[in-house]
Structure formats: structure tokens, C-alpha cells
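The values are calculated or read from the model by the stated rules, or taken from the named source; none is laboratory data. This structure is a prediction, so every number in the text was calculated from the model and none was measured. Every residue, glycine as well, gets a Cβ built from its backbone with ideal geometry; the counts of neighbours run over all protein chains shown.
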Amino acid sequence: MTPTMTPTPQTPMVKAFFDDATNTVSFVVRDPDGRACAIIDSVLDFDFSTGRTDTKSADEIIAYVKSEALDVQWLLESHVHADHLSAAPYIQEQVGGKIGIGDQITVVQDTFGKVFNEGSEFQRDGSQFDALFGDGDSINIGQMRVDVMHTPGHTPACMTYVVGDSAFVGDTLFMPDFGTARCDFPGGSSTDLYASIQKILALPDETKIFVGHDYKAPGRDEFNWETTVAEQKALNIHVGAQKEQDEFVQMRDARDAQLAKPKLIIPSLQVNMRAGNMPPPDQQGDVFLKVPVNKL
């Protein structure tokens, strides 16, 4: 009897775009056997001091997509970012693709709909997005299967996208020398984050891990955003070497209590919970963002 062979996962083609202003890494993930691709965690530039947006970062991605004649099938968000605005609707207008996020976006919308006093006209059902994913769902980029994992903790709606032999973890994990995501935003949980990280670390050791930010830990000269499950298990300064949950939670909660809020948290949350769209304009066609006082 011939033994059953487990197929070797495909390796997607990955192009990274690093945004210096927010230390965000966006990814174009491509089926190696075709031109289908997904764009993960795009950035819309925003100057908080003037309230002006710019599309320079997004235009770099669009130029790459067009130069490679790629077919954008998905614009994936790992979560509702608090440190940058999503450019997904702008990119969608230019090159297509469906905007997708985890189905727990409804929890985030309910939480921050109240924080920003959005009223009943703001839909809290995730309908601003083209697709909502649950834990265990799968989609395709061309012929490549994407397995979707719910990995909450940083936010209730965080997702990890496993594409072939690669996992795109958003803010859940950072490079091993920098550690893990903060959990002190409304709906965050260090206990949930620890459990989510264990799900990621249960992937095969050779699985490539692509992180959503890099802050160049002290002693490191270059920005980096690619590691592996094996490296994270052995070397991650917060959860590596089989760190126990209680020790992690105590460390994470104490560390979070000392962190300042991201400088773009107020505009980012209002825009990103709307799938990257601005709040509706007033009767004169002007758009405004709210600043809640003593709420965050």
C-alpha cells in the first residue's frame, strides 16, 4: 500500500512596501503560477497637523501591480489599525479587488461607534466591507488557498492569513527581537493574545512569518519583516522559549500601561472601521473627523 504523501505548501511571491511614517509593512501576495494577487494592510498617508491625505504610499503599490500586470482579487485587512489609515477603497477604485476583514469587525464597530458618538446612521454590521471572514474560513488567490485564522488580543477582530507556506500576522507578532503587539486598546486582551500566538506557533516550524510593522529593535541596523515560526518559538523576547501565559500576561499588561497612544489613533479608527472610507460629508460636501475628549 502506497503511503499518503502530504503535499508541500506552495510559496507565494511576496513584495513588501515599508511606510517610514508609520513603520507599517504592506504586502502584495501573488500566486506564483499566475497573476492573481492580494494586497494586505495598505496605507493612506495622513498629515494630522493639516488634516490632509495623500496617496503616495498607495500609488507605489498600484504602480507595482500595473507594472506586473497583476489581477488584484483581494484587499485584505488584518484588523482595524490604530496607527495608519487604510488605502483599500482608493486602491480598489484603481485596480479592483474585494475588501475583506474578520467578522468580529462588528464588535470593533460597536465599541468605537460609541466612542465617536456615530449615531444610528453608522452601520455596525460590517457591511462597509465586501467580505467578512470567520475563523477557519478559506479563500483563494488564483489557485493558492488562503486559510484564515482568528487571532484576537491586539484587537477583537485580528486575523492571520496563511497563504501556502507563509503567514501574514498583522500586529499580533513582531520580529523576535521586538516581541508582540500591545493589548490595551478597547477590546484588547493579553490573555487572548497569548492564545492567538500559540495558534500561530503551532504552524510548521518552517512557515514564514510576515509581520505588519517593524520598529528596528535596539542593536539592529536594518528594518525587517520576515521571520519563521521556528525563530519566533526560540527567540521572541516576549513569548519565546516556551514562556508561560501568566508570565506573558503580567509582562504585557505592565508594558502596555507605559505606552503612549499612537499619534494617528483618532483618525485611523474612524476611517478603518468604515473599511477605509471617510465619514460621510456634510451638506456642503466637507468631511470632518471627531476628537473625543477623555474617551481613549
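Observations
- The selection criterion, being outside any loop (DSSP other than H, G, I, E, B), modelled with pLDDT of 95 or more, of a type in the set (D, E, K, R) and surrounded by fewer than 19 Cβ atoms within 10 Å (Cβ to Cβ), does not hold for Asp184.
- Sole residue being buried (at least 22 other Cβ atoms within 10 Å of the Cβ) and over 18 Å from the mean Cα position of the chain (by Cα), chosen from Met144, Met159: Met144
- Looking across the stretch 84-110, the residues that are closer than 12 Å to Thr155 by Cβ and either in a loop (DSSP other than H, G, I, E, B) or touching an Asp or Glu at 6+ places or on another chain (Cβ under 6 Å) (or both) come down to Ile101, Gln104.
- Residues in the stretch 45-71 that are out of contact with any Lys or Arg (no Cβ under 9 Å at 6 or more places or on another chain), among the β-branched types (Val, Ile, Thr) and surrounded by 14 or more Cβ atoms within 10 Å (Cβ to Cβ): Thr53, Thr55, Ile62, Val65.
- Within the stretch 129-176, the set of residues being in contact with a helix residue (DSSP H, G or I) (Cβ under 8 Å, 6 or more places away or on another chain) and in a loop (DSSP other than H, G, I, E, B) comprises Phe129, Thr151, Pro152, Gly153, His154, Thr155, Pro156, Ala157, Cys158, Val169, Thr172, Pro176.
- Of the listed requirements (1) closer than 25 Å to Lys15 by Cβ; (2) more than 15 Å from the chain's Cα centre (by Cα); (3) not in a loop (DSSP other than H, G, I, E, B), Gly113 misses just one: (1).
- Cβ separations smaller than 9 Å between residues 6+ apart or across chains give the following pairs from the stretch 246-263 residues that are closer than 16 Å to Thr172 by Cα to residues that are surrounded by 10 or more Cβ atoms within 10 Å (Cβ to Cβ) and modelled with pLDDT under 95: Met251/Lys243.
- Screening the candidates Asn277, Asn294, Asn272 for the property of being farther than 18 Å from Thr22 by Cβ, modelled with pLDDT of 95 or more and not hydrophobic (A, V, I, L, M, F, W, C) yields one hit, Asn277.
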